[in-house]
Each structure stands twice: as C-alpha cells, then as structure tokens.
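See structure below.
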C-alpha cells in the first residue's frame with residue numbers, strides 16, 4: 001500500500017516550472033498536474049505565448065528546445081512534459097505516479113508515450129481551451145477516428161484496472177490524458193459510457209480541481225479565443241467557470 005499522497009514534500013532544490021497559460025497549454029498542464037499531485041513545492045513562471053513581445057526569445061533563455069514546459073531545478077533544466085513527469089515520479093516515489101505492478105507500469109508508460117506522439121488530428125482540429133464551449137463542432141473523419149481510438153484506449157485500460165482512473169490510482173497517464181478530456185468537453189463530443197465515467201472521475205479529483213482554479217485566472221491568449229469564437233464557440237466571463 002502506498003503512503004498517502006503528499007507525504008514526501010520536503011525538497012532541498014528550488015523548483016520553477018516555466019509554462020504558458022494553463023487555460024490553453026496542454027503540455028504545460030501535464031507537467032503541472034504531475035508536480036502538484038506529487039506534492040512538490042514549486043514556483044511557476046508564465047510566459048505570454050503569442051502575446052508577450054519576444055516570447056520566443058524569452059523561452060529560449062530557459063531551454064534551447066524553445067518549447068513549454070521547462071522545469072528549472074537549481075542549475076538543471078528539464079524540458080518535455082513526460083520527462084518532467086518522470087523526474088517527479090523518481091523524486092516523489094510515495095506519490096505513486098506510476099503503477100506499482102511492473103506490467104501495468106509498462107502499459108502506462110506506453111499509452112503516455114502514445115499521447116505524447118499521437119492524436120495529431122485531435123490536437124490540430126480541437127486545440128485545448130478548457131473554459132470554452134463549442135456546441136456545434138463536428139469532427140472530420142480523421143479526427144473522429146482518433147476520438148474513437150482514444151475511447152478504445154481508455155476502455156482497455158479501465159477494463160484491466162477496474163478504474164476509476166486509467167490504472168486504478170491517479171497517475172502520470174491520467175495527467176497525460178486530462179487535456180484530451182478537456183477537449184472532448186470543450187467541443188461537445190458525445191462520450192461513451194466508459195469515457196463519461198472516467199471524465200467524471202477526473203473532474204472530481206482534487207489535483208484536477210486545483211488546476212481548474214489555476215487555469216481560470218490564467219492569462220488570455222486572444223488568437224485562441226478568436227479561433228473558438230470563429231467556430232461558433234462561447235467563452236465565459238473572465239474569472240467564471
């Protein structure tokens with residue numbers, strides 16, 4: 001049995017997570033969720049993606065890759081969401097960020113890597129915007145096929161684990177797929193029963209609720225807001241759900 005989440009909180013390093021707005025940046029969200037669930041104490045530095053003058057040059061001062069997120073640990077720089085999640089798992093083993101069972105751990109890593117490298121049509125045609133709602137969205141055939149594959153992947157994982165999360169307890173795989181659940185909600189995609197139950201479990205999790213609160217006050221990126229409005233979507237008033 002794992003120790004309760006948050007028991008391993010004391011660290012000696014200074015941690016700063018460099019991110020874009022948590023409303024829109026799915027990759028930033030994944031790292032933020034893993035660190036938060038692990039109980040890490042970290043500062044966040046938000047760079048104004050597409051809004052801040054010279055934002056590209058600004059992110060390059062933290063990482064040669066020029067992408068979000070970046071975890072700064074004293075003088076060490078870690079970029080890429082999954083690498084940051086792996087660091088959190090090793091630094092905070094009591095948080096259970098990967099399943100204890102080695103076979104399930106391997107499976108969790110495989111589906112997390114698939115998320116990092118796949119589902120390109122969903123990412124292209126359904127950009128993350130957690131608080132937006134696009135009721136009339138109709139995915140094209142390629143996007144629909146990837147949505148169906150996503151539902152199948154979730155169903156397979158939940159069938160083996162018994163839920164409520166992909167591998168039983170909340171783990172990195174759920175951090176990786178939370179932005180997909182957000183997209184499905186934002187673009188009014190009809191869920192299977194299994195996907196609906198899993199999504200409900202995600203929205204009820206305290207780490208996800210903490211992210212929702214943080215994202216609510218995240219800086220706006222007007223070009224993404226206008227994209228949603230151009231699709232007939234609606235945005236809540238600033239500061240509301």
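Just so you know, all these numbers are worked out from the coordinates, no wet-lab data involved. The structure presented is a predicted model; accordingly, all values stated were derived computationally and were not measured. All Cβ positions, glycine included, derive from the backbone under ideal geometry; neighbour counts span all protein chains shown.
Structure summary
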{"read-out": "Segment 60-186 shape via C-alpha gyration tensor axes, a/c threshold 1.5", "value": "oblate"}
{"read-out": "Most mobile listed residue (230, 66, 48) in the chain, GNM with C-alpha springs under 10 Å", "value": "230"}
{"read-out": "Shape of segment 128-226, Cα gyration tensor, a/c cut at 1.5", "value": "oblate"}
{"read-out": "Calculated FRET value between residue 61 and residue 83, using beta carbons and R₀ = 22 Å, to 0.05", "value": "0.70"}
{"read-out": "Hydrodynamic radius of segment 15-95 per Kirkwood, over alpha carbon pairs, in Å", "value": "12.6"}
{"read-out": "Antiparallel DSSP beta bridges within the chain, percent to nearest 5", "value": "75"}
{"read-out": "The chain: most fluctuating residue of 106, 40, 31 per GNM, C-alpha cutoff 10 Å", "value": "106"}
{"read-out": "Spin-label pair residue 188/residue 140, simplified geometry with 7 Å Cα→Cβ offset, distance in nm", "value": "2.1"}
{"read-out": "Prolate/oblate/rounded label for segment 147-203 (Cα gyration tensor, a/c 1.5)", "value": "prolate"}
{"read-out": "Computed over the chain, Cα set: Rg, Dmax in Å", "value": "17.5, 50"}
{"read-out": "Among 176, 231, 128: highest mean-square fluctuation, GNM of the chain, C-alpha pairs under 10 Å", "value": "231"}
